[in-house]
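First comes the structure, then the notes that go with it.
The values are calculated or read from the model by the stated rules, or taken from the named source; none is laboratory data. Bear in mind that the values here come from a model prediction, so they are computed numbers and not experimental data. Reconstructed Cβ throughout: ideal geometry from the backbone, glycine too, with neighbour counts over all protein chains shown.
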Amino acid sequence: MSAPKSRNILPPRRAWTPHELCRLRELYPDLLASTVARELGRPVEAVYRKARELGLCKTEAFIASELSRRIKRGHQSPAMVASRFQPGSRPWNKGVKGSTGMHPNTRATQFKKGQMRGAAQHNYVPIGSERICADGYLERKMTDDPSIYPASRWVAVHRLVWIAAHGAIPAGHVVVFQPGKKTVKLHEITVDRLSCITRAELALRNHPRNKSPELARLVQLKGAITRQVNRIARESGEGAKA
């Protein structure tokens, strides 16, 4: 099988020569990977990767030296000592509370009110925009309030039409299209196509037997099969225990 082509997206790979491998074995155990990379003219990642493939390790002398830059018990690097807090030093925000104690660099890069980036900015649509939801209803965007879950910023248009004509929807009730009159065309969503019913009535309307007699029979058959399967499993379990 031929090697996959990069289609000129990536630069061609540079094979390791025997001379480079020999130099890598000589230099890597006692020098920093960055130093070896400069010597061989290769990226540091390539040096690490090839050393791992060859099973090369640093010598104990290198690990114990300052070059390794490792923290050792009882030993402190001068660079670490120079950059740490000194006794008696006072934090710049000592005694300051809340946002007033925020560092200027932090304040300059924090999100501003109403600011959007990334997918939120790309997907944004203004208030009044309309869409068809997954349930097949025409919805309208009513607010940009960030405290409201994004899906709740949209309201079904048929609900808005009913509220405009009859006022608030009573508790425990829903506004639905009358049978056979559902539509997503704005000019066709009128009050005479809508009804305000209780949730109990909605449950009966959505019951399988009211949608399709064949579907109702299949639902009953499914329930009967499930009950028999549960009974057999229960009896088998009791038999195994006995």
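In region 186-203, the condition of being assigned to a loop (DSSP other than H, G, I, E, B), surrounded by fewer than 12 Cβ atoms within 10 Å (Cβ to Cβ) and within 39 Å of the chain's Cα centre (by Cα) is met by no residue.
Condition first: among the small types (G, A, S) and closer than 21 Å to H158 by Cα. Can you find one or more residues in region 196-219 that meet it? Yes, because at least one residue in region 196-219 is among the small types (G, A, S) and closer than 21 Å to H158 by Cα.
Would you confirm whether or not region 153-166 contains a residue that is among the charged types (D, E, K, R) and part of a loop (DSSP other than H, G, I, E, B)?
Within region 153-166, the first condition is being among the charged types (D, E, K, R), and the residues that meet it are 153, 159.
If we keep only those that are part of a loop (DSSP other than H, G, I, E, B) as well, we get none.
For region 153-166, residues among the charged types (D, E, K, R) and part of a loop (DSSP other than H, G, I, E, B): absent.
Can you find, within region 163-204, the residue that is modelled with the lowest pLDDT among those that are among the aliphatic types (A, V, I, L, M) and within 20 Å of A134 (Cβ to Cβ)? Before you say what the answer is, go through the steps one by one.
First pass over region 163-204, keeping only residues among the aliphatic types (A, V, I, L, M): 163-165, 168-169, 171, 174-176, 184, 186, 189, 191, 194, 197, 200, 202-204.
After this cut, where a residue has to be within 20 Å of A134 (Cβ to Cβ) as well, the list is 174-176, 184, 186, 189, 202.
Numbers: V174: 95, V175: 96, V176: 95, V184: 95, L186: 95, I189: 96, L202: 91.
By that ranking, first place goes to L202.
Condition test on I169, is it under 23 Å from N206 (Cα atoms) and in contact (Cβ under 8 Å) with a residue 40 or more places away in the chain? Here the answer is no, as I169 does not meet what is asked.
Could you tell me which of the residues W154, W162 is in contact (Cβ under 8 Å) with a residue 12 or more places away in the chain and over 28 Å from the mean Cα position of the chain (by Cα)? Before you say what the answer is, go through the steps one by one.
Details: W154 fails: over 28 Å from the mean Cα position of the chain (by Cα).
W162 is the lone residue from the list that is in contact (Cβ under 8 Å) with a residue 12 or more places away in the chain and over 28 Å from the mean Cα position of the chain (by Cα).
Determine whether region 137-145 contains at least one residue that is loosely packed, with under 12 Cβ neighbours inside 10 Å, at pLDDT below 95 and under 24 Å from the mean Cα position of the chain (by Cα). Within region 137-145, one or more residues are loosely packed, with under 12 Cβ neighbours inside 10 Å, at pLDDT below 95 and under 24 Å from the mean Cα position of the chain (by Cα).
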